[in-house]
Amino acid sequence: MSTHRTVVFNWKMHPPEVGKAKELFLDIRKAAARRPRVETVVAAPFPYLAELRKLTTGKHTKLGAQDAFWERAGAYTGEVSASMLASVGVSHVIVGHSERRALGETNDMVSRKVAATTRAGLVAVVCVGESERDPHGRYLADVEAQVRAACAGVRTPKRLIIAYEPVWAISAGDGNGTTASPEDVHEMGIFIRRILSDIYARRTAEQVRILYGGSVNETNAHQLLSDGMVDGFLVGGASLKPSAAAAILSAAHGSRT
Ligand code: PGA
């Protein structure tokens, strides 16, 4: 387990224009500067990244993107490569979010995107998680396949973060859906780490940060961290509300041994 926590704010397709994006970024940057033990990442829509880069002056707020294509350049209309993202100051890329998987992204595509992202020197925040839980625990096989695909093209997981996001727990946009219980989150964290230890040397596998995402907000963040034992969060809806984002960072800043 690493010594500091990571909070990735996933703005999804928000806010509606660049001026609002800058305002929100500055609010989050201010809160992040007060919580220096937290690695704070804002994953913004592509068109805002170059502008937001100008605001990433403090070392506490990093810039993230929400996807990256696996090719470096070429005739791929609409796609954006990891090296392009690196050139505008992006350090983290969310890969394989369930909302992208719902649009047709497969484990194989996720695998190629993760490999391209880490090869470009960026950190891949790979989302894994079951659509539903069946009583026989078959969902575990789905999560395992997703984790293995995420790791398939990555020789050492130095630039890999796994975000466990059960699809049923992701909110409709307000951060107030059904959160997974801290016990379930803890159990899944152990399960994922065991898979990582099977793929990589145990010491390296232990360094991989495992985040939780799915309706994280200012009221549940504390308990999810203490009882869920995760290394941080991937936050959607609540990341659009400065006070909620600040409260989540404050919970993540709390003591860690
Ligand atoms: P949520 O979204 O916090 O609104 O549930 C999380 C995510 O989809 O990354």
task = Largest first and to the nearest Å, give the Cα extent of segment 8-77 along each principal axis.
result = 44, 25, 19
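I'm a student and want to see the number: the projected area of the Cα convex hull of segment 104-168, averaged over all directions, in nm². Each step should come with its number before you reach the end.
Working: hull surface 17.6 nm².
One quarter of the hull surface, i.e. the mean projection, equals 4.4 nm².
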ask   = Using 7 Å Cα-to-Cβ label points, what is the Thr77/Glu144 separation (nm, one decimal)?
value = 4.2
remark   = proj_area_mean for segment 66-136 (convex hull on C-alpha atoms), units nm², value 5.4
key: Flagged links, alpha-carbon separation over 24 Å, of Lys30/Lys54; Lys59/Lys113; Lys22/Lys59; Lys12/Lys62   = Lys59/Lys113
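Among His60, His14, rank each residue by its count of other Cβ atoms within 10 Å, from fewest to most, as a rough exposure measure. Walk me through the intermediate numbers first.
Numbers: His60 20, His14 16.
The order, fewest Cβ neighbours first, is His14, His60.
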Long-range amide H partners of Val235 with built H, under 5 Å = Val8, Phe9, Asn10
Cα Rg, Dmax (largest Cα-Cα span) when computed across segment 129-195, Å = 12.9, 37
Ranked list, fewest to most other Cβ atoms within 10 Å of each Cβ, for Ser239, Ser111 = Ser111, Ser239
remark   = Expressed in angstrom and ordered largest first, the alpha-carbon extents of segment 29-164 along the principal axes are 49, 41, 28
task = Per residue of segment 190-201, in order, report the coupling 6.51 cos²θ - 1.76 cosθ + 1.60 (Karplus, θ = phi - 60°) as ³J(HN,Hα) in whole Hz, putting x for Gly and Pro.
result = 5, 4, 5, 5, 5, 5, 4, 5, 6, 8, 10, 4
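In what sequence, highest mean first, do 75-81, 248-254 appear when ranked by Cβ atoms within 10 angstrom?
On the way: 75-81: 11.1, 248-254: 22.1.
In descending order of packing, they fall as 248-254, 75-81.
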query = Suppose R0 equals 30 Å; then what is the FRET efficiency for Ile190 and Glu51 from their Cβ-Cβ distance, rounded to the nearest 0.05?
reply = 0.15
message = With a 10 Å cut-off between alpha carbons and a GNM built on the chain, which of Thr204, Thr118, Thr40 moves the most?
response = Thr204
request  = Provide the descending list of Cα extents for segment 81-121 along its principal axes, expressed in whole angstroms.
outcome  = 29, 16, 12
Stokes-Einstein diffusion coefficient of segment 104-257, Kirkwood radius over Cα pairs, 20 °C, 1.002 mPa s, in µm²/s = 135
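Over its Cα atoms, what ratio of radius of gyration to 2.2 N^0.38 Å does the chain give?
So the chain has a normalised radius of gyration of 0.93.
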ask   = So for Phe69, Phe25, fewest C-beta neighbours within 10 Å to most, what's the order?
value = Phe69, Phe25
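Bear in mind these aren't lab numbers, they're just calculated from the coordinates by the rules spelled out. As the structure is a prediction and not an experimental result, all values here were calculated from the model. In this analysis, Cβ positions are derived from the backbone assuming ideal geometry, glycine residues included, and neighbour counts consider all displayed protein chains.
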